[in-house]
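What follows is a single structure, written as structure tokens, with notes after it.
The values are calculated or read from the model by the stated rules, or taken from the named source; none is laboratory data. Everything numeric in this text was worked out from a predicted model, so none of it was measured. Here the Cβ is made from the backbone with ideal geometry for all residues, glycine too, and neighbour counts use every protein chain on show. We work out accessible area using only protein heavy atoms, side chains counted, and drop any ligands, DNA or RNA first. Shrake-Rupley method; radii C 1.70, N 1.55, O 1.52, S 1.80 Å.
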Amino acid sequence: MFPEGIGGFAHGATGAGWALTRLALSSAGTTADRRRWYELGTLAHDFEESLYAPEAGAWVDARIGGDVDHPTAWCHGSTGIGLAALDLHRRTGDPRHLDTALRSGPAGLREGFGWSHTLCHGDLGLWELLHHLRGLKGYEGPSAAQADAELITGIEQRGPVGGLAKEAFAPGLLPGLSGVVHHLLRMHPDARLSSPLLLAHPERQDTA
């Protein structure tokens, strides 16, 4: 659909690079296979970086005819770019991924909270990104209390808003209201639910 190539976690280079790098870090394949997967992942990260516009402090939407110049969503924008970079930095220690992650927070905050509440392209995705960025040196953004207040107040005032067409009922996990419920449960301090945004297994709760 987009021969010019696009970025993004769900639709473009970010997700492909993340998956290839994760595969390269596993025990799958041969040593040569893993080296090749890592190289391909690096090329994907290079392409994503080529879309970063320093003057805007955000990544450009490479799709011809796109409606948003610098998207902030998980599926196609700074939230997904930041979460992928955070995950890879934790696994590799590569400062390149740390730098990308720290830039993703201000990029997402350019639009801030208030558009919708979905994991895929709304407040919950941004909350997830800020939640993980907050522990990093160099983080500049709202405190946990401020981010929680923005999110909860928005839901209390308008009700949960999901889907690309805000007035339509969308029950799905990533673009809909079941993701809102899942994430609200996750926000409880004792919750052991994992975020679906990185396709992770649920966290294990220690048993006596």
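Residues checked against (1) hydrophobic (A, V, I, L, M, F, W, C); (2) in contact with a strand residue (DSSP E or B) (Cβ under 6 Å, 6 or more places away or on another chain); (3) at pLDDT 90 or above:
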residue	(1), (2), (3)
Ala85	yes, no, yes
Leu88	yes, no, yes
Arg91	no, no, yes
Gly108	no, yes, yes
Leu136	yes, no, yes
Pro171	no, no, no
- [ ] Report whether or not Leu130 is assigned to a helix (DSSP H, G or I), open to solvent by 30 Å² or more (accessible area, probe 1.4 Å), free of Cβ contacts under 8 Å to residues at least 40 places away in the same chain and not basic (Lys, Arg).
- [x] no
Open item on the list: Anything in segment 86-124 that is open to solvent by 20 Å² or more (accessible area, probe 1.4 Å) and of a type in the set (Gly, Ala, Ser)? List them, or say none.
Closed with: Gly93, Gly112, Gly114
Task: Residue under evaluation Glu4, criteria (1) in a loop (DSSP other than H, G, I, E, B); (2) surrounded by 16 or more Cβ atoms within 10 Å (Cβ to Cβ); (3) not hydrophobic (A, V, I, L, M, F, W, C), criterion not met - done: (2)
Task: Residue among Arg134, Arg158 that is in contact with a helix residue (DSSP H, G or I) (Cβ under 8 Å, 6 or more places away or on another chain) and not β-branched (Val, Ile, Thr) - done: Arg134
Task: Top-ranked residue of segment 170-196 - restricted to ones that are in a loop (DSSP other than H, G, I, E, B) and open to solvent by less than 40 Å² (accessible area, probe 1.4 Å), ranked as farthest from Leu119 (Cα to Cα) - done: Ala191
- [ ] Starting from segment 85-114, keep only residues that are within 16 Å of Trp74 (Cα to Cα), then list their pairs with residues that are open to solvent by 70 Å² or more (accessible area, probe 1.4 Å) whose Cβ atoms are within a distance under 6 Å, requiring at least 6 positions of separation or different chains.
- [x] Phe113/Glu150
Open item on the list: Take the conditions over 25 Å from Gly179 (Cα atoms) and part of a loop (DSSP other than H, G, I, E, B) and apply them to Asp99. Does it pass?
Closed with: no
TODO: Residue by residue through segment 141-169, note down the ones that are of a type in the set (Asp, Glu) and either at pLDDT below 85 or in a loop (DSSP other than H, G, I, E, B) (or both).
DONE: Glu167
Task: Of all residues making up segment 38-95, the number that are part of a helix (DSSP H, G or I), farther than 19 Å from Gly135 by Cβ and charged (D, E, K, R) - done: 4
Task: Top-ranked residue of segment 37-55 - restricted to ones that are open to solvent by 30 Å² or more (accessible area, probe 1.4 Å) and of a type in the set (A, V, I, L, M, F, W, C), ranked as nearest to Gly5 (Cα to Cα) - done: Phe47
